[in-house]
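Report on one structure; see the data block that follows.
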Amino acid sequence: MCVLACISIACQSNGNETTPTLKGTTWKLVGFVDVATGEIKEAEPVSEKCYLLSFNKDSSLSGASSSNQLVGTYILDEKKLSTRINIHQATLVTEAFDGNQYLDALNVVHSFLLYKDELRLYYNNQKEYLFFKLQKS
């Protein structure tokens, strides 16, 4: 399965903080959020090994779904504050629990908000987003 998503960035700085960046960061999915209600559906299975997404400094992506390893690339245009993601499964095990929902959402992400240790990948006309927390080294 190939995931291709165009993402635009919206981030703010108060002048005392450096502008957040995706390069060299790893994110852990917390859950799926409905913007209208604010309800968070926790991603299952709950495991430190599932639902990771790493934006490597060489513009490659790596990560994990519920059952598979993910690999791909991204292009970050800092001038336009946008990026393009191309990600696919490196292994082909049947997804469990919320794995397919995660992959389907990544496939249609159209924008994101990055603030401190939180990342929101919006999809479904900004009605829903994947909510990530920065993975500490």
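What the table shows:
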item	result
Residue identified as at pLDDT 90 or above, out of contact with any Ser or Thr (no Cβ under 9 Å at 6 or more places or on another chain) and in a strand (DSSP E or B) among Val46, Val33, Val71	Val33
Matching residues in the stretch 1-30 - criterion: being closer than 23 Å to Leu92 by Cβ, of a type outside the set (Val, Ile, Thr) and modelled with pLDDT under 95	Met1, Cys2, Leu4, Ala5
Residue in the stretch 100-109 that is loosely packed, with under 14 Cβ neighbours inside 10 Å, out of contact with any strand residue (DSSP E or B) (no Cβ under 9 Å at 6 or more places or on another chain) and under 23 Å from Thr37 (Cβ atoms) present	no
Condition met for Leu103 (assigned to a helix (DSSP H, G or I) and in contact (Cβ under 8 Å) with a residue 12 or more places away in the chain)	yes
Pairs with Cβ under 6 Å, 6+ apart, first in the stretch 14-42 and over 19 Å from Ser111 (Cα atoms) and of a type outside the set (A, V, I, L, M, F, W, C), second modelled with pLDDT under 95 and not in a loop (DSSP other than H, G, I, E, B)	none
Enumeration of residues in the stretch 106-121 that are outside any loop (DSSP other than H, G, I, E, B) and touching a residue at least 60 places away in the same chain (Cβ under 8 Å)	Leu106, Asn107, Ser111, Phe112, Leu113, Leu114, Tyr115, Leu119, Arg120, Leu121
Flag for Ser54 being within 11 Å of the chain's Cα centre (by Cα), modelled with pLDDT of 90 or more and more than 23 Å from Asp34 (Cβ to Cβ)	yes
Residue in the stretch 84-107 that is modelled with the lowest pLDDT, counting only those that are closer than 22 Å to Gly31 by Cβ and of a type in the set (S, T, N, Q)	Asn107
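The values are calculated or read from the model by the stated rules, or taken from the named source; none is laboratory data. Keep in mind that what you see is a predicted model, and the values were worked out from it rather than measured. Glycine gets a Cβ as well: all are built from the backbone with ideal geometry, and neighbour counts include every protein chain shown.
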